[in-house]
Amino acid sequence: MPNIVSKKIIIFSGAGISAESGIKTFRDSDGLWENYKIEDICNQYTWEQNYDTVHEFYNQRRLQLADVKPNYAHEIVASIKEKYQDDCIIITQNVDDMFERAGCKDVIHLHGELTKMECMACGDIFSIGYKEFKNTDTCPKCSHTKIKPFIVFFGGSAPYYANMYSAFEHLQNEDSIVVVIGTLGNVIQISANLELVECYKILNNLEISPYIDESQFDKVYYEEATTACDKIEFDISEFWL
Ligand SMILES: [Zn+2]
């Protein structure tokens with residue numbers, strides 16, 4: 001019986017792929033990052049009380065983003081996407097724009113994007129690039145003044161999770177491929193999502209994660225993404241016929 005879902009290549013990434021570009025994460029220092037508490041700057045229920053601090057924090061992240069560059073792993077993922085086009089779905093937990101700057105198109109950013117802002121009145125999402133947000137800045141569409149970084153906060157809605165789950169449907173096709181790169185697998189429980197699917201599975205992390213069952217995977221690379229990515233590209237080309 002033919003599979004009802006078409007085969008796809010899904011590349012799912014986390015902070016590990018951007019670490020080699022010098023981008024740090026909240027989790028690098030026990031939830032404290034340069035003296036900000038994660039609950040103050042990433043909480044849907046309290047962020048408006050901490051409005052200035054929230055913007056100060058994301059302003060700094062945005063400015064730092066201007067100084068970093070995509071690495072070889074981002075470039076290889078971009079070239080895989082270019083080669084397989086709509087057969088390849090790029091999903092990332094990262095809020096940086098490294099994939100886009102490597103030329104990768106149609107990236108699903110599960111947790112938002114640092115270079116964008118969201119108007120709290122009309123819901124418009126607009127680009128701010130690497131600029132600081134100032135309290136005098138207003139929504140380009142409706143001129144409202146309450147603006148939120150386009151980042152998924154704890155307790156907030158994450159609309160792109162639906163895109164992820166519908167992409168994961170394709171993993172039921174045994175001819176599909178999933179590549180997991182640079183994630184502990186605890187924020188999104190990737191191991192649980194892959195448990196019952198028969199597709200070809202590739203894992204690349206720096207080291208073993210307690211949240212990922214490596215026995216699920218057909219290929220496992222415990223090394224930097226920049227050295228694993230050529231092998232992953234080859235594995236895909238071998239399996240994808
Ligand atoms: Zn607006």
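Where a number appears in this text, it was derived from the coordinates with a stated rule and is not lab data. Nothing here was measured: the structure is a model prediction, and the numbers come from that model. Every residue, glycine among them, receives a Cβ derived from its backbone with ideal geometry; neighbour counts consider all protein chains shown.
Taking each of K81/K231; K81/K148; K105/K231; K24/K83; K83/K148; K8/K105 in turn, the alpha-carbon distance tops 24 angstrom for K81/K148; K24/K83; K83/K148. Under the simplified labelling scheme, the R101-Y161 pair shows an inter-label distance of 2.9 nm, with each label point 7 Å from Cα along Cα→Cβ.
Site-free segments of the chain were taken between trypsin sites (Lys or Arg not before Pro) in DSSP loops having at most 14 other Cβ atoms within 10 Å, sites themselves excluded; the longest one is 147-241. Across every direction, the projection of the convex hull enclosing the Cα atoms of segment 143-230 has a mean area of 8.1 nm².
For the chain, the relative contact order is 24 percent, taking Cα pairs closer than 8 Å that sit 6 or more residues apart in sequence and dividing their mean separation by the residue count. Within the listed set S79, S143, S209, the residue fluctuating most in the Gaussian network model of the chain (springs between alpha-carbon atoms under 10 angstrom) is S143. Sorted fewest first by neighbouring Cβ atoms within 10 angstrom, D218, D96, D87 come out as D218, D87, D96. The charge dipole of the chain, taken about the Cα centre with unit charges on the Cβ atoms of Lys, Arg (+1) and Asp, Glu (-1), comes to about 740 debye, rounded to the nearest 20. Of all lysines in the structure, the ones whose alpha carbon falls short of 23 Å from that of K146, not counting any fewer than 8 places away in one chain, are K37, K116, K131, K134. Over the chain, dividing the summed -39,500 (n - 2.57) contributions of all DSSP H runs of at least 4 residues by the number of residues returns a 222 nm mean residue ellipticity of -8000 deg cm²/dmol.
Note on the chain: GNM, Cα springs under 10 Å; of Y200, Y45, Y72, the largest mean-square fluctuation is that of Y45. Checking Cβ-Cβ separations below 4.7 Å across the chain identifies C42, C88, C104, C199, C229 as cysteines lacking any candidate disulfide partner. Each Lys or Arg adds one and each Asp or Glu subtracts one; over the other residues with Cβ under 14 Å from the Cβ of E174, this totals -1.
Relative to its residue count, the chain spans a Cα convex hull of 129 Å³ per residue.
Taken along its principal axes, the alpha carbon cloud of segment 63-194 reaches lengths of 52, 30, 27 Å, longest axis first.
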